[in-house]
Amino acid sequence: MPGMASIINTWSVICIVLSGVALCIGVAYIRRGQRTQHMRFMLIASSLATLFLVLYLTRLGLGYEKKYIGPDAWKGAYYGLLISHVALATLNLPLALGALFWARKGILAAGGLGRVEEVPAARAAFNAHKRWTRWTVPVWLYVAVTGWIIYLVLDKYGQLSLGA
Ligand code: HEM
């Protein structure tokens, strides 16, 4: 059913864009030292990204695919964007899991977000968390922004190829 797949496609893009917004809010909170709010928004960002993945895979399973039929002059740029988007979206999964893994380890070691500085093992885990996030945040944002751009391009210059 193309109608259904198209709705799923739209919602998957809404989810990935909102996850990017939640990510930015979470980063802004940690810059101000608000750890609990940081954690909440990162969990929201992670849930939205997971929902995106489920919707995206459902859409693929339904065979809903749009081909680029826009101007030839933009074809190379479009496919460059698409390939980098898919590659970095795939990379984002282990990167996000790594950041979450070290955050969880840090909380467990400290017994709460308020005691991170008092417990050396927690401090070490959050240092590792920081190292992962140096890559995770830019990759995640790139995926969210390019996902949106690709959606807009295909809305204008895409041709549906159902059941391919
Ligand atoms: C949901 C569980 C999470 C918890 C409990 C958590 C907790 C923390 C804490 C306590 C810090 C401060 C570390 C320090 O004081 O050195 C921190 C820093 C940070 N976290 Fe998270 N975090 C979580 C998830 C994430 C995710 C998924 C990302 C990104 C994808 C992320 C990105 C960052 C960034 C960018 C920083 C600042 C690093 C810096 O200061 O250079 N966090 N996090």
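Details
- Stokes-Einstein diffusion for region 6-101 at 20 °C, viscosity 1.002 mPa s, with a Kirkwood radius from C-alpha pairs, works out to 143 µm²/s.
- Here each label is just a point 7 Å from Cα along the line to Cβ, and for ILE25 and LEU100 those points are 1.8 nm apart.
- Largest first, the extents of the alpha carbon coordinates of region 56-164 on the three principal axes equal 59, 29, 17 Å.
- Computed FRET value (nearest 0.05) for LYS75 with ARG32, which takes r as the C-beta separation and R₀ as 25 Å: 0.05
- Nonlocal amide H pairs with GLN34, under 5 Å, H built at 1.01 Å: none
- Secondary-structure-derived ellipticity at 222 nm for the chain, considering helices only, amounts to -29000 deg cm²/dmol, per-run term -39500 (n - 2.57) for DSSP H runs with n ≥ 4.
- For the chain, the number of Lys pairs separated by eight or more positions or lying on different chains, with C-alpha atoms closer than 20 Å, is 6.
Bear in mind that the values in this text are calculations on the coordinates, not laboratory data. Being a predicted model, the structure only gives us computed values, none of them experimental. With ideal geometry, Cβ positions are generated from the backbone for all residues, glycine too; neighbour counts draw on all protein chains shown.
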